[in-house]
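What follows is calculated from the coordinates using simple rules that are stated; it is not laboratory data. Remember, it's a predicted structure, so these values are computed and weren't measured experimentally. Quick reminder, even Gly has a Cβ in these numbers, built from the backbone with ideal geometry, and neighbours come from all protein chains shown.
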Amino acid sequence: MKEIHEIVDTIICGDCLEVLKDFPEDKVNLIVTSPPYADNRKKTYGGIPIKKYVDWFLPISKELQRVLEPKGSFILNIKERAVNGERGTYVYDLVLSMRKQGWLWVEDYVWHKKNTYPGKWSNRFRDVWEHCYHFTKSKKFAMYQEAVMVPVGKWARKRLAKLSETDKRRNESKTLSGFGKNVSNWVNRRHVYPDNVLYLATVCSNKNHSATFPIDLPKWFIRLFTKKDDIVLDPFIGSGTTALAALELGRHYIGIELMKQYCQLALDRIQSFHQKNGYSFGLPNTKEERLDDIRLEQT
């Protein structure tokens, strides 16, 4: 079993299930990842069959549960496919199976891809969003909501200029839903909490990787669920986007990747980041040392 200082700020090339078994318990503050989707990326990751996907992922999620600290969070970016004219259910099956495994399913954030190209299908429209499932080990988890607050918006100027009597107290919804609001709470506020839909552009260039997500996606969750010097793990690091997001925000990273060419790509991007910014926080081992580790993981 390795000590945490031996694996922070490293990219490890190997099967994440086997690599994770050598990690210490309860040390990672946040896990953000997008694993291979079912039957996708066959040329690079082999393509996990839909019917076998849950069984394939559950041993991995069990190890992730072990290494995550008690107040940590796990963000899983994944999307179900349409097959033979019908939406698949493997993602929902996975979520329910993870709950049985002991995970708490706290929230389902939505990544709205605001710059997707139009498309045409006979029985549906183009997908412009993906799930970002939020899992935790306990009901009391670390969350820094102020770090992701957004401007209150232009609506406030006119709406709050003249308040009615009902605006000055909690006004219960007439639909008997139990929802209520006190509009006067927003007076003089410049920022408010966001909703659970993230409007982010897709990646313009794929960095020579078949399935990258925009760096702003992991950055948003890193701001929300970690503080500086915390540890962020991506067990399917790909081209290293999550590691770069962690570095930009002053967090430590750990990346695991099966494909050697992507390990090298992630290392190159991290090295370029350090050369551009001229500081050593989160600096990985030299390329030669890391390639020795990569070869060791693959033997």
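Where the only charges are on Cβ atoms (+1 Lys, Arg; -1 Asp, Glu), what is the dipole of the chain about its Cα centre, to the nearest 20 debye? Mind dumping the intermediate values first?
Details: 48 positive and 36 negative charges, 385 e Å.
Roughly 1840 debye, rounded to the nearest 20.
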Worksheet item: Where the centroid of each part is defined by its Cα atoms, how far is the stretch 62-87 from the stretch 1-15 in Å?
Response: 22 Å
Worksheet item: Between ILE254 and residues 5 or more places away or on another chain, which pairs have amide H atoms under 5 Å apart, with H built 1.01 Å from N, and which residues are they?
Response: ASP9, VAL232, LEU233, ASP234
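How do GLU130, GLU165 rank when sorted from fewest to most other Cβ atoms within 10 Å of their own Cβ?
Details: GLU130 21, GLU165 7.
Fewest-to-most Cβ neighbours within 10 Å comes out as GLU165, GLU130.
If you place +1 on the Cβ of every Lys and Arg and -1 on the Cβ of every Asp and Glu, how big does the dipole about the Cα centre of the stretch 151-192 come out, in debye to the nearest 20?
Working: 12 positive and 3 negative charges, 50 e Å.
The calculation lands at about 240 debye.
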Worksheet entry | Interchain or long-range residues, amide H under 5 Å from TRP129's placed H | LYS113
Fill in: Cα-Cα over 28 Å, subset of LYS62/LYS228; LYS158/LYS181; LYS2/LYS62; LYS62/LYS227; LYS120/LYS260; LYS181/LYS219
LYS120/LYS260; LYS181/LYS219
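Given the rule -39500 (n - 2.57) for each run of at least 4 DSSP H residues, summed and divided by the residues of the chain, what is its mean residue ellipticity at 222 nm, to the nearest 500 deg cm²/dmol?
Values: 9 runs with 89 residues, N = 299.
For the chain, the value works out to -8500 deg cm²/dmol.
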